Amino acid sequence: MTLPIDKQEQTVEDEASGRQQKVPVLHPRFKTDHPFVVYRQLPMNYDTATLEEWMERVAYIKEDLHWLLRLPHDRFWCQVVFDPEMHKCIDSYLKNAPRSYDVKPLPPEAEALHTAVHRMVFMVCLRMATYKESASHHLTPSVFGEILYEHFIFDIPKIMDLCSLYGAGNSALLTRMISNIFTQQPKYEDDLRITVPTVLQVFENIVEQCELSHTTVPQRLSTDRCRGLADMPEPKFLDIVLYLYDICSTLLAFLEVYPKGAHAFHEEGFLVRLSNLYETTFHELMAAVKERKWSEPSLIRTVKTKLRVMEKNFVEIFRNILNTCAIQPIIEKSGSPEVESYVEDYMSVMTDVLSDKRFLAAYEEVFRFSEDLDILQQCVYAIDDTRIQFLQDGIASTLQGVVRKVKTKKSPKVPKENAQRQPPEGAENDAPQDKLQVEESELGACAAPVSSPSDVEMDSLISSVRDLLPDLGSGFIQMCLEEFSFDVEKVVNALLEDKLPPHLQDLNRTMDRDMLPKKSILSERKNIYDDDEFDVFHKKDVDVSKVFKGKRQQITSKKYTPLSGADREKLQPVYDLFGNVDTEGSVYAIKDDPDGMYEDEYDDTYDSHNEAEDEDSADELLQRRYNLSIAANKNVQDEEEEEEEEEEESERRRDQFIEDPAKIRERQEQRRLSKMQRTAKKNVGQGQKRSYDVQGKPKGQGQSKEVLHNRDYKEKNKGRRANHNRRVLADKKRAA
């Protein structure tokens, strides 16, 4: 194995003196002066000239990155350490590159070019985060960490940008890369802790921009409170929503890629501040969206969708930090003394967020407190029941107090004779609205037909979904829209929560609209016989043998030829013997019957007896009769023994007027022992009564888990026995 490049030296000629001298391999003189082009984002509204200029710039960046990746290991690190222009190129792309949630469709050539640059930037960052490429090309790990930190090759904002850009498709590789950076240079952990207050300050600035008072007490939504957001200029309002959306998405991507970073956020009290921000800002933004006057109607749908995704990100960030810092350590360290501190941490966080009722209601919809409580009770023995009851009561009151408004579509007006009976005015409907609603997919042929949008409207709906999920194909999105009645919000929620119907789960998600099967008139046909055994329109494997035209061909009975005279003469004796009951001399004649009539009455003499229907039942019946006979014999023997004992005792009493009390007590003791012996024989194999140890070891030596459990059980159930029922027994004694 060769020396690492940080310890290698190379002999070069001094330009001033012309002498040979040794310099380190990592030296500025080995850096190549290569011009790097800075990345710029493509404008929203671009023309052909702007697109061509942008494509030319991206092509230059692609050539520069390709040249950088082809450099040898030592020359690559000289360029990384001593070339600031290269870092400007990488930083410009990480800052300005479109994220996965705001990618706009590009022409095919531009899309291919941008994808190539996107991949090369990731390869450059991955190579910069690797200190060992092979046995002959590597760096000393400690020197590698110093180079990363001292030359600002990576920092916390750049790491978060990497997670936001590449976390969705390269999470496993990105996790190893960032974990290696934090492992080789622990100073990045300190930088992360310094970054958390900056993020909290950003939250404060957002609240100030929204002109909201930052308070932990939930306040009612009113017109005066959100009037500032409603009257705010549209570009500023969109900037606030998009800025908050970008922060939440970046934090969630970072915590999913590097879960250990959650500890830095938790130490600064990030969870409580996050719930306060949700309580203060989120619903005010939703109310302002409804009250604002928008320049384009499509913006309302886009902003609402982003706010719903933002709500989901808030809850997932909270859960990710809480799970990493409290729940997961409780599961891993179950039974150890350290687990109590994690339980206390979890209880404190949940107690602090009880005041943020709207956030707690949103969190409880996704992650149930009862499920966490089951985990705690399985892993921890001693939990304060009072605190648990307090949290359960607080969450229950929160869910009752916060009204979750459900958006319902207005139903068309119907005639009075067809309308359903309505409750009287002032009366409340006991049944909740969501239980009265029936999914359209369950109505079948009785469902009202949904009017399909035009091609222009369909393009608008597809573009609305692709603004948030650009990786999906237009054909797949159209099938999802048709499944959810062309509701964009339902489609986005189903895709984000992965709750698509089974027939959509297996489809190609990059399918275009050209690949969709053409619809026929039969596809719109609805009938009660759809998908039955003989549905030839939807099934290809119909059993044709069961299908016939007209009436079935009936099977005719066989024709028999009459007997000839010779055959009749041969069969006449047999007929005389068996053919008629009244024939004299037949086998049915009864000698004892004077009338000679055949008696065919059913004999029900043995109907009351138990008879078995099959062999197994017969075996059970025989076994039961055998057991009954044994039990009867045993009872008879016991009665005979008791009678013999009574006779012997009576004889003794007749022989002796006053018997010795000592012998009486001895006989009673023998009877008691024999009875106990018989009882023990009956209970053979049933086990003995379990003893519960509550005494344990001497004080100061610690007690086992079983002893603690027995003491707790005795403390909770001691009211069932002992002398806790003295009044009942006293009444019983007086009654006797």
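The values are calculated or read from the model by the stated rules, or taken from the named source; none is laboratory data. These numbers come from a predicted model, not from an experiment. Here Cβ is always computed from backbone atoms with ideal geometry, including for glycine, and neighbour counts include all displayed protein chains.
Let's see how each residue does on (1) in a helix (DSSP H, G or I); (2) under 20 Å from MET120 (Cβ atoms); (3) aromatic (Phe, Trp, Tyr):
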site: VAL12; (1), (2), (3): no, no, no
site: PRO35; (1), (2), (3): no, yes, no
site: MET44; (1), (2), (3): no, no, no
site: THR50; (1), (2), (3): yes, no, no
site: MET55; (1), (2), (3): yes, yes, no
site: ALA59; (1), (2), (3): yes, yes, no
site: GLU85; (1), (2), (3): yes, yes, no
site: SER92; (1), (2), (3): yes, yes, no
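Exactly one of these conditions fails for THR183: (1) without any contact (Cβ under 8 Å) to a residue 12 or more places away in the chain; (2) farther than 21 Å from ASP6 by Cβ; (3) not charged (D, E, K, R). Give me its number.
That leaves (2) as the condition not met.
I need the full set of residues from region 371-390 which are under 20 Å from SER275 (Cα atoms) and surrounded by fewer than 16 Cβ atoms within 10 Å (Cβ to Cβ), in order please. So that I can check it myself, show each step before the final result.
Keep residues of region 371-390 that are under 20 Å from SER275 (Cα atoms), which gives 372, 390.
The answer is PHE390, and nothing else.
Listed here are the residues, each with its yes/no results for (1) modelled with pLDDT under 85; (2) within 30 Å of LYS290 (Cβ to Cβ); (3) basic (Lys, Arg).
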{"residue": "ILE331", "(1), (2), (3)": "no, no, no"}
{"residue": "GLU344", "(1), (2), (3)": "no, no, no"}
{"residue": "ALA362", "(1), (2), (3)": "no, yes, no"}
{"residue": "PHE367", "(1), (2), (3)": "no, yes, no"}
{"residue": "LEU373", "(1), (2), (3)": "no, no, no"}
{"residue": "VAL380", "(1), (2), (3)": "yes, no, no"}
{"residue": "LEU391", "(1), (2), (3)": "no, no, no"}
{"residue": "ALA419", "(1), (2), (3)": "yes, yes, no"}
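Could you list all residues from region 333-366 that are part of a loop (DSSP other than H, G, I, E, B), charged (D, E, K, R) and within 25 Å of the chain's Cα centre (by Cα)?
LYS333, ASP356
Step by step: first the residues of region 286-332, then only those that are in a loop (DSSP other than H, G, I, E, B) and charged (D, E, K, R), then the one that is surrounded by the most Cβ atoms within 10 Å (Cβ to Cβ). Which residue is that?
Checked region 286-332; the qualifying residue surrounded by the most Cβ atoms within 10 Å (Cβ to Cβ) is ARG292.
What pairs come out if I take residues in region 698-715 that are outside the structural domain of PRO337 (by TED's automatic domain parsing) and pair them with residues that are exposed (fewer than 12 other Cβ atoms within 10 Å of the Cβ) and among the hydrophobic types (A, V, I, L, M, F, W, C) whose C-beta lies under 9 Å away, six or more apart or interchain?
LEU708/ALA382; ASP712/ALA382
Pairs only if they're at least six apart or on different chains, beta carbon under 6 angstrom, first in region 510-525 and farther than 15 Å from VAL536 by Cα, second assigned to a loop (DSSP other than H, G, I, E, B) and modelled with pLDDT of 75 or more; list them, first residue then second.
THR510/GLY473; MET511/GLY473; ASP512/GLY473
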